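Here the structure comes first, spelled out in structure tokens, and everything after it is commentary.
Nothing in this text is a laboratory measurement; each read-out follows from the coordinates by a stated rule. Just so it is clear, the structure is predicted and the values come from calculations on it, not from any experiment. For neighbour counting, all protein chains shown are included, and Cβ atoms are generated from backbone atoms with ideal geometry for every residue, glycine included.
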Amino acid sequence: MSDVIQQDTPATTFRFNTRAALTHAVLIVGALIVLLPFYTMISLSLKAPHEIMQQTGGFMGSQQPFRDDFCVKLGNAVEDCLVNPIIYNYTTAFEKAPLLRYLLNGVIVTVSIFVIQVFVALPCAYALAKLRFWGREAVFALVLFCLLIPVHAIALPLYIMLAKLGLTNTYAALVIPWTISVFGIFLMRQFFMTVPDDLIDAARMDGMTEYGIIWRVMLPTAIPALMAFGIFSIVAHWNDYFWPRIVITGNRDLFTPPLGLREFKGDADGDNFGPMMATACIIVTPLIVCFLLAQRRFIEGITLSGMK
Amino acid sequence: MKRTLTAMALVLAATAATADSNGEKIVVEFGYPYSHLFDVTYEAILPKFYEAHPNIEIKMRATYESYEDGTNTILREAVAGTLPDVTMQGLNRQAILVEKGIAKSLEPFIAAEEDFAKDGYHQAMLDLGTFDDAVYGLPFSISLPVGYYNMEVMAKAGYDETNLPTTWEEVVQACVKLRDAGVDNPMFWGWNITGNWFLQALMWSQDKPTVMGNDFQLDSEEGLKALNTMQSIFSGCEMQNLEWKAALASFSAGDLGMMYWSTSAVGAVERAMGDFTLVTNEYPGITASGPMGLPAGGNSALLTSTSDDPEQLAAAWAWLKFITSGEGAADVARTTGYMPPNQAANEIILADFYADNPAKATAVRQLPLLREWQAYPGDNGLAATQVIYDGLEGIVTGEFEDMTELQEELSDEVQDLLD
């Protein structure tokens, strides 16, 4: 944005560059396409149902109180059921879908997954990168092979295994299938390859054990790579709709945040878009806040893992 | 590993046993679709149920996001051995659960009831959940296709409540008049409703089932008539190919004069519509005498309990019966656009309600036309649904112009899937 303004103000050192202008124009269009759904999401979360369906009221809607029909149907007086759209949308999101509970579940699940993934991936990656043993290449080939398997292909066998163990409808079912991340192993192995052997040899000469080396030497050097991996892992599992939907069929209290969206679906009988979009806003907020706080790391991470 | 598993199983069994002996309340686990629509219904029903059955507790499971999701979930839970005691399933998805032996026959419970017919369970309703002469499902919420009219738009072409179209020919005439009066988009016809519902509506209108056994019936005279009727509606009205949400939104915004849709959306439309008068009226027929039958949509309660405990089963039956009869059933109509298929609830408890809510009364007047929403048998049922859907979409977009050709093509392709 600032570049566009700059181009309007005459500066002595400034030279119009068609190429840069074109690049920015394309980027701005791209940014608009990406931002438009967010705009709609926020706008719908502020408006009353009739404004949403009739597509009136601009960004904010008129904020006139409207009648909550569900409240009337439960036998309350009409005057008691007049609600302000914003308050209605957001309170419904928190009450009807107990979002705080879902957010807590989301945190528990994503953090457990990430922590266990790190515990598994770091030693594996270290072994694959720095230790010489028989069959190392074969093991690494298997890791690469596993990268090619889409989760949807193995969802059913995984489900049946968990079911036989009686683990469906538990936190375990949400966490266990993701604890071994071949992507994590691959990413960390690639990173460890770049760590000089001298560092490890020095540590060995100082009498450190192999595990000591992993946690006290390799881990600190690997922080940027871990950040990158963490971003992928947390974003993927925070937003995952597919797997929680498969394994959580009994207890609504185990829902992760995205499953909260389904509470407002009505298909041919009309969806309740206001609270649905309010839920969506609340779900993405933690990720956006994290992104803003760790913006630089985030971009570093993407370039790092961008298969340079 | 084996030892830990055995230990875990023992612990689980032990906790289950203690729960049984301590718990005075019998817990009935219950799953249902579309929480946005039905939460309010169960919220209204539950206090009444608890009053009548203080020793039973209903545990609501995670809701299904759609009928298809509901069926998928039950099929998965059957593998995992975690089935709920009672589940709500789309009317056209009951058959598969009966075939696989997941749903339990309700006959023993019905036999034990003294006044089953008096509770308002009439034959047409029981037929919807009857397979091989045994009742498996009791319908809970029923919808039928109806016509929605925006009276202000209709008035532009000289229509009022007394002369709304009653045949599809008249609908097309109305479209022409509305267009002449400056209405761009006069009508929407819900061909895209799940399960080829509206094709089945045109077939039942001529008293013809869409499938008989494994035979797809589109290759009949009635089938061709149904396709031709659709084509004349779409082309005569120059109907736009809108998806569900867009169609409901256009009608709510007051752009459309007529919309043919399920009665279940009345509640949603009333919530979302602009400042105009909504009138619902009988679904038009192919002939002047009106439709001879219409497919029922909605969901049905099935008993899927795996328990052998007679007390547990009795509790599940008590809940199943409560929500499909009497006050429980009446709350369906009070809280949603659906109606209970229960005669007693409709005629006695809800008589005043329908007088106050004429938009919801149309479907009740059509109740005698109630017919089955047919599932396509076999493992390719969903694929067959999709093939037909694509065919119908081709009529809307104008891709298919020769209906005889389309009839032949669809019949062959679908029949292959069903054999």
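Table for the structure above
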read-out: HN-Hα J in Hz across the stretch B:123-138 - Karplus 6.51, -1.76, 1.60, θ = phi - 60°, x for Gly and Pro; value: 4, 4, 5, 5, 4, 5, x, 9, 10, 6, 6, 10, 7, 10, x, 10
read-out: Percent of alpha-carbon pairs separated by more than 24 Å within the stretch A:101-305; value: 51
read-out: Cα lying deepest toward the dipole's positive end in the protein assembly as shown, options B:Ala383, B:Met154, A:Val29, charges on Cβ; value: A:Val29
read-out: Among A:Ile213, A:Val195, A:Val182 the positive-end extreme of the charge dipole of the stretch A:177-235 (Cβ point charges); value: A:Val182
read-out: Of the GluC sites (Glu not before Pro) in the stretch B:66-140, those whose Cβ has at most 16 other Cβ within 10 Å and which sit in DSSP loop; value: B:Glu113, B:Glu114
read-out: Whole-number percent relative contact order across chain B, with pairs defined as alpha carbons under 8 Å at least 6 apart; value: 24
read-out: Radius of gyration and maximum dimension Dmax of the protein assembly as shown, Cα, Å; value: 29.8, 98
read-out: Between the stretch B:357-419 and the stretch A:191-212, the alpha-carbon center distance in angstrom; value: 68
read-out: Calculated FRET value between B:Asn163 and A:Asn251, using beta carbons and R₀ = 60 Å, to 0.05; value: 0.65
read-out: Relative contact order [Cα under 8 Å, 6+ residues apart], chain A, whole percent; value: 26
read-out: Peptide-level mean, for A:165-176, of C-beta atoms on other protein chains within 10 Å; value: 2
read-out: Label point distance in nm, A:His24-B:Glu152, each placed 7 Å from Cα along Cα→Cβ; value: 4.7
read-out: Relative exposure of A:Tyr39, B:Tyr50, A:Tyr88, judged by other C-beta atoms within 10 Å (fewest first); value: A:Tyr39, B:Tyr50, A:Tyr88
read-out: Set A:Lys96/A:Lys265; A:Lys47/A:Lys265; A:Lys164/B:Lys25 screened for pairs whose C-alpha atoms are more than 19 Å apart; value: A:Lys164/B:Lys25
read-out: Other protein chain Cβ atoms within 10 Å, averaged over every residue that makes up A:45-55; value: 4
read-out: Cα gyration tensor category, rounded, prolate or oblate, for the stretch B:88-220 with a/c compared to 1.5; value: prolate
read-out: Dipole in debye (nearest 20) - chain B, about Cα centre, beta carbon charges: Lys, Arg +1; Asp, Glu -1; value: 1200
read-out: Shielding by other protein chains, A:255-268, mean Cβ within 10 Å; value: 6
read-out: Ratio Rg/Rh, restricted to the stretch A:73-198 and using Cα atoms, in which Rh is the Kirkwood radius; value: 1.23
read-out: Loop trypsin sites (Lys or Arg not before Pro), the stretch B:51-130 (other Cβ atoms within 10 Å of the site Cβ: 15 or fewer; DSSP); value: B:Lys100, B:Lys118
read-out: Low-density loop cleavage sites - GluC sites (Glu not before Pro) in the stretch B:201-239, where at most 15 other Cβ are within 10 Å (DSSP); value: B:Glu238
read-out: Spherically averaged projected area in nm², based on the convex hull that wraps the Cα atoms of the stretch A:22-114; value: 9.5
read-out: The protein assembly as shown: antiparallel DSSP beta bridges as a percent of all, rounded to 5; value: 65
read-out: For chain B, built as a Gaussian network whose Cα springs stay under 10 Å, the top-fluctuating residue of B:Ala344, B:Ala155, B:Ala201; value: B:Ala155
read-out: Stretchable slack from B:Glu243 to B:Leu382, in nm (0.36 nm times residue separation minus alpha-carbon distance); value: 48.1 nm
read-out: Helical contribution to [θ] at 222 nm, DSSP H n ≥ 4, -39,500 (n - 2.57), averaged over chain B, rounded to 500; value: -14500 deg cm²/dmol
read-out: Full-extension gain in nm, A:Phe145 to A:Met208, via 0.36 nm per residue minus C-alpha separation; value: 19.4 nm
read-out: Contact order normalised by residue count of the stretch B:338-419, Cα under 8 Å, 6+ apart, percent; value: 26
read-out: Förster radius 51 Å - calculated FRET efficiency between B:Asp412 and A:Met60 (Cβ-Cβ, nearest 0.05); value: 0.40
read-out: Measure of compaction for the stretch B:168-253 (Cα Rg per 2.2 N^0.38 Å); value: 1.22
read-out: Burial order of peptide ranges A:269-282, A:13-26, B:372-385, A:56-69 (average beta-carbon count within 10 Å, highest first); value: A:269-282, B:372-385, A:56-69, A:13-26
